[in-house]
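J.: Attaching a single structure in structure tokens format; questions to follow.
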Amino acid sequence: MKAVVQRVTRASVTVGGEQISAIGRGICVLLGISLEDTQKELEHMVRKILNLRVFEDESGKHWSKSVMDKQYEILCVSQFTLQCVLKGNKPDFHLAMPTEQAEGFYNSFLEQLRKTYRPELIKDGKFGAYMQVHIQNDGPVTIELESPAPGTATSDPKQVFANTNDTTVHVLRSPHCAHKWKFIQGSFRRRVAESKLSKLEKQQQRKEKTRAKGPSESSKERNTPRKEDRSASSGAEGDVSSEREP
């Protein structure tokens, strides 16, 4: 499921020259439903849209408040073209959910929005109709959202750190999970730091053991002067002298 969320000062939908929906300050959501979307993706997208912080707070700090925090309006418009795949230069929409299924799914999406938020603040267009959507973007601010693909694995702490000894990490990332990625990065840095500290401690322990044992046997041998075998040398000299005598 894909959604394009725009922060607006006002937005409206017109069908056949007649305005059927309009909102003031709030967000306009263009929603593209995929062939594989389920209730799980629906709930994920509703949660993301309602909690997306695109508004400022009372002190003027940006990106601090969601549409629910500000009690603003939402205008939803079904837009299957978000599921477009280009074949050359021609748009193809085979990934979009068929109209017969998509209408019921879209209505469930609206119902979930109204159940979670305030029903009177949720407006929509006309499903399947040819619409003119008038959007006065505020900023401009436009955010793209995408639900995880069905069956996508979530990040498991056991899978995140594959091998901390050589600082190799395998991370299951997703564009809408920035907070999880920050947590993973922080955990990874801690693991690397702990690994380095462990190596330093082991080196220090080896040094202390070496000092406790005193000089090694090899160093003792190097420091001890070698005794010459006088008997051997004298015998050799005697042999040589005897050979030289007539």
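The values are calculated or read from the model by the stated rules, or taken from the named source; none is laboratory data. Everything numeric here is computed off the predicted structure, so don't read it as measured data. Virtual Cβ from ideal backbone geometry, glycine too; neighbours counted across all protein chains shown. The area values use the complete protein model at the heavy-atom level, side chains included, leaving out ligands, DNA and RNA. Shrake-Rupley method; radii C 1.70, N 1.55, O 1.52, S 1.80 Å.
J.: Would you please name the residue that is surrounded by the fewest Cβ atoms within 10 Å (Cβ to Cβ), looking only at residues in the stretch 108-134 that are under 31 Å from the mean Cα position of the chain (by Cα) and more than 12 Å from residue 73 (Cβ to Cβ)?
T.: Only one residue fits best here, namely 115.
J.: If you scan the stretch 17-43, which residues turn out to be in contact (Cβ under 8 Å) with a residue 40 or more places away in the chain, open to solvent by 30 Å² or more (accessible area, probe 1.4 Å) and out of contact with any Gly (no Cβ under 8 Å at 6 or more places or on another chain)?
T.: 22, 25, 35, 36, 38, 39, 40, 43
J.: Which residues, taken from the stretch 72-107, are out of contact with any Phe, Trp or Tyr (no Cβ under 9 Å at 6 or more places or on another chain), open to solvent by 50 Å² or more (accessible area, probe 1.4 Å) and either within 16 Å of residue 6 (Cα to Cα) or polar (S, T, N, Q) (or both)?
T.: Those that are out of contact with any Phe, Trp or Tyr (no Cβ under 9 Å at 6 or more places or on another chain), open to solvent by 50 Å² or more (accessible area, probe 1.4 Å) and either within 16 Å of residue 6 (Cα to Cα) or polar (S, T, N, Q) (or both): 79, 89, 101.
J.: Restricting to the stretch 44-68, name every residue that is without any contact (Cβ under 8 Å) to a residue 40 or more places away in the chain, closer than 23 Å to residue 1 by Cβ and open to solvent by less than 90 Å² (accessible area, probe 1.4 Å).
T.: Scanning the stretch 44-68 gives 51, 66.
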